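Visitor: Dropping a structure here in structure tokens format, bear with me for questions.
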Amino acid sequence: SSEILKPWIDGAAVQKWREEDSEQSIILFPKGWTNERFGVVVEDEAKQALAQQFPAIWAHLEPQEESLRRRTDQGLFWWELRSCAYYDSLKRPKIIYRDIAAAPTFFLDKHSKINDTTSYFLPTSEPFLLGLLNSDLLWFSLLSQTTKARGGYYRFKAQYIEPLPIPDATSAQKAALGALAEAAQTAAEKRYKLQQSITRRIPDLATDPATAKLSTKLKEWWKLPDFAAFQKEVKKTLKAEIPLKDRNDWEDLIKEKRDQINALTAEIAQAENAINAQVYELFDLTPDEIELLEANV
């Protein structure tokens, strides 16, 4: 039921300008939900009501009762969560970003996702702010404040995000930068769908598609130099050959999708360059300052 099952996103799915596909959901019973739904009830009555009205969800929860009772963040019943001041904010469009990343990962969540503790969110859907946060200048500013984690990653805790400078901007300037941010996100989302349109079909070439595991090169098939390299990687990873009768179709499809992906990549780069130029102007950077900044991001 959409009343209880809510779309869920973890930090690994959060990318710059977009999110990766995720079919995950979270079972969400906020504190007080049970009594609001069924009237004031004791636990046994509440269990019976849940089992009757939401049998699949209850069948998932019931075997985990013992461990769920040990939680310290319970609501009025062991299946409920504690009170949360920002449940309403999660229901609205918002900017989500990773807690640890090697580059900006801000994107506008339009689907009321609930994000886990490996990502954070800002309770705003302002495209101007989205563009600003993904700009080189604010990334440069963040690098001067945040701590570096292992492997070249940086932490995005609130204490590092809150001090980031927000320039004064006119309504026209905000609209222009926001339009570029929206264009970048739209192109990034289209590009991801094109990439996945091939990636999800590659396992079909294996003897057992259900158990097939793709190599990094196959997951990023658009980076392979040509169709021969794709064939070679399929043979190496999946121990399979592309049937002769299907090779032309595969080759044509890959070329078509790769060309579209490259065009969208160019669109994103163009939008990002325009965003950076506008942000530099908002902060009155000189050419020398811009050169210094770009040499250090």
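The values are calculated or read from the model by the stated rules, or taken from the named source; none is laboratory data. A quick note: this is a predicted structure, and the numbers were derived from the prediction, not measured. Counting neighbours? That spans all protein chains shown, and the Cβs are built from the backbone with ideal geometry, glycine included. Calculation scope for accessible area: heavy atoms of the full protein, side chains included, ligands and nucleic acids excluded. Shrake-Rupley method; radii C 1.70, N 1.55, O 1.52, S 1.80 Å.
Visitor: Looking at Ala187, Ala229, can you tell me which residue is buried (at least 16 other Cβ atoms within 10 Å of the Cβ) and among the small types (Gly, Ala, Ser)?
Guide: After applying the criteria, what remains is Ala187.
Visitor: Let me ask something else. Limited to segment 202-251, what total is found for residues that are among the small types (Gly, Ala, Ser) and either closer than 24 Å to Asn262 by Cβ or in a helix (DSSP H, G or I) (or both)?
Guide: Residues flagged as among the small types (Gly, Ala, Ser) and either closer than 24 Å to Asn262 by Cβ or in a helix (DSSP H, G or I) (or both) within segment 202-251 amount to 4.
Visitor: Another question, then. Does Gln196 fit the bill of being assigned to a helix (DSSP H, G or I) and over 30 Å from Leu238 (Cβ atoms)?
Guide: For Gln196, the condition - assigned to a helix (DSSP H, G or I) and over 30 Å from Leu238 (Cβ atoms) - is not met.
Visitor: Restricted to segment 89-146, and to residues that are among the basic types (Lys, Arg) and open to solvent by 40 Å² or more (accessible area, probe 1.4 Å), which residue is modelled with the lowest pLDDT?
Guide: Lys91
Visitor: Can you name the condition, by its number, that Leu293 falls short on among (1) over 22 Å from the mean Cα position of the chain (by Cα); (2) more than 20 Å from Pro104 (Cα to Cα); (3) open to solvent by less than 50 Å² (accessible area, probe 1.4 Å)?
Guide: Only one criterion in (1) over 22 Å from the mean Cα position of the chain (by Cα); (2) more than 20 Å from Pro104 (Cα to Cα); (3) open to solvent by less than 50 Å² (accessible area, probe 1.4 Å) is unmet by Leu293, namely (2).
Visitor: Looking at (1) surrounded by fewer than 16 Cβ atoms within 10 Å (Cβ to Cβ); (2) farther than 30 Å from Gln278 by Cβ, find the lone condition where Ser171 falls short.
Guide: Unmet condition: (2).
Visitor: Anything in segment 264-290 that is surrounded by fewer than 13 Cβ atoms within 10 Å (Cβ to Cβ) and closer than 18 Å to Gln195 by Cβ? List them, or say none.
Guide: Ala266, Ala269, listed by residue number.
Visitor: Within segment 253-295, which residues are closer than 30 Å to Asp226 by Cα, touching a residue at least 60 places away in the same chain (Cβ under 8 Å) and polar (S, T, N, Q)?
Guide: Correct list: Gln260, Thr265.
Visitor: May I ask you to say which residue of Asp204, Asp246 is among the acidic types (Asp, Glu), within 27 Å of Glu19 (Cβ to Cβ) and either free of Cβ contacts under 8 Å to residues at least 24 places away in the same chain or touching a Pro at 6+ places or on another chain (Cβ under 7 Å) (or both)?
Guide: Asp204
Visitor: Can I ask one more? Kindly evaluate Thr118 against the criterion of being out of contact with any His (no Cβ under 9 Å at 6 or more places or on another chain) and either under 18 Å from Asp10 (Cβ atoms) or aromatic (Phe, Trp, Tyr) (or both).
Guide: The answer is yes for Thr118.
Visitor: Which one of these is within 29 Å of Val297 (Cβ to Cβ) and modelled with pLDDT of 95 or more: Glu281, Glu251?
Guide: Glu281
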